[in-house]
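A quick write-up on the structure given underneath.
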Amino acid sequence: MEQALYDPAGGFYHRPEGPAGHFRTSVHASPRFARAVARLLVEVDAALGRPAELALVDVGAGRGELLTGVLAELPGEVLARLRPYGVEIAGRPAALPSTALWTDEPPRGVTGLLFANEWLDNVPLDAGEVDEDGVLRYVEVDTATGEERSGEPVSAADAAWAERWWPVEHPGDVVEFGGPRDAAWARAVAGLERGLAVAVDYGHTARRRPFAGTFAGFRDGREVAPVPDGSCDVTAHVALDSIAVPGLHSLWTTQREALRALGVSGERPPLALASTDPAAYLRALGGAGEGAELTDPAGLGGFGWVLQAVRMPVPLTLEALPGWQTLGA
């Protein structure tokens, strides 16, 4: 998976067309997503006491679409103090605003908002399957055909992770070992001196683990077999409960609930507006359609959001979301 996605000589994320040439995320679905992230950043800024330098760290920045969209929505007073970062292994996009820093590692010691939209699902990981003798073994995949076979028994570290987060016992049971995602998220969050860290992704929690696994491939807007040959995106859903860094005030919620709290709605405009201001009605109707797509619980609205506050109070808009808790160390 590492080679298929990130090999400089042929990995999927080094292809010139970028991820947007193959699949659509919330960022591409509507500018309302960037507008909501901009609103969140403004509220994080206020909760932090409007620091002299405010960071926006876009992890898994693609070709800078979200970063560019957020910058276009921010008030001048915030922009004057903003230090934007795009974190991505691909080269810097030509159209990215000159104020943005482009790096392959999350920055350290910053204060602000760290936002990772559909990043963790592409952090490489291994899968395992219980064999007929009850032994948990790695699943090996042929990089040319995608054919699977049973491999060696899993390491002690992966066995411990599975026991804690994704217990399996019956022959044929599958587990996707989330330790690399946990470590990647912990490293990213550790870069915040103070601020809010948000991970948005396909995901599941212990109550609803997928018994058959979630590996999938995407190419040219279609789902394909996840053959790790560099020709397609190879992705797997995220164990959202395991990634959360202990000791922080944290929340798991859905994109639907988070975006609605940030002002994104699929509610249609009043019909009376069509007679008084037809152009405004059509604009509002289009916006409602985009909002409905972003918050659809059967689609993008069903994505998971993990929010973790690092040495800061929870922004006011998000305080009303139920489920905030401080995780034990």
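Table for the structure above
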{"quantity": "Residues satisfying the stated conditions in the stretch 290-329, i.e. surrounded by fewer than 16 Cβ atoms within 10 Å (Cβ to Cβ), without any contact (Cβ under 8 Å) to a residue 60 or more places away in the chain and in a helix (DSSP H, G or I)", "calculated": "Gly302, Glu319"}
{"quantity": "Extreme residue, modelled with the lowest pLDDT, among residues of the stretch 131-170 that are surrounded by 14 or more Cβ atoms within 10 Å (Cβ to Cβ) and under 18 Å from Ala206 (Cβ atoms)", "calculated": "Val168"}
{"quantity": "Sole residue being β-branched (Val, Ile, Thr) and in a strand (DSSP E or B), chosen from Val189, Val245, Val168, Val198", "calculated": "Val198"}
{"quantity": "Residue check, Ser150 out of contact with any Phe, Trp or Tyr (no Cβ under 7 Å at 6 or more places or on another chain), hydroxyl-bearing (Ser, Thr, Tyr) and more than 30 Å from Ala34 (Cα to Cα)", "calculated": "yes"}
{"quantity": "Tabulated pairs, the stretch 150-162, first within 11 Å of Gly178 (Cα to Cα) and of a type in the set (Phe, Trp, Tyr), second assigned to a strand (DSSP E or B) and modelled with pLDDT of 95 or more, C-beta under 9 angstrom, 6+ apart or interchain", "calculated": "Trp161/Val175"}
{"quantity": "Breaking point among (1) of a type in the set (A, V, I, L, M); (2) crowded, with 22+ Cβ neighbours inside 10 Å; (3) free of Cβ contacts under 8 Å to residues at least 40 places away in the same chain, for Ala183", "calculated": "(2)"}
{"quantity": "Qualifying helices (runs of 4 or more DSSP H) (wholly inside the stretch 24-132; at least 3 residues being more than 21 Å from Gly302 (Cβ to Cβ), in the same structural domain as Ala216 (by TED's automatic domain parsing) and out of contact with any helix residue (DSSP H, G or I) (no Cβ under 6 Å at 6 or more places or on another chain))", "calculated": "31-47, 65-73, 76-79"}
{"quantity": "Residues satisfying the stated conditions in the stretch 201-224, i.e. outside any strand (DSSP E or B), among the aliphatic types (A, V, I, L, M) and over 19 Å from the mean Cα position of the chain (by Cα)", "calculated": "Ala212"}
{"quantity": "Residue in the stretch 23-43 that is free of Cβ contacts under 8 Å to residues at least 24 places away in the same chain and more than 28 Å from Arg311 (Cβ to Cβ) present", "calculated": "no"}
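The values are calculated or read from the model by the stated rules, or taken from the named source; none is laboratory data. Just so you know, these numbers come straight off a predicted model, no measurement behind them. FYI the Cβ positions are ideal-geometry reconstructions off the backbone, even for glycines, and counts take in every protein chain you see.
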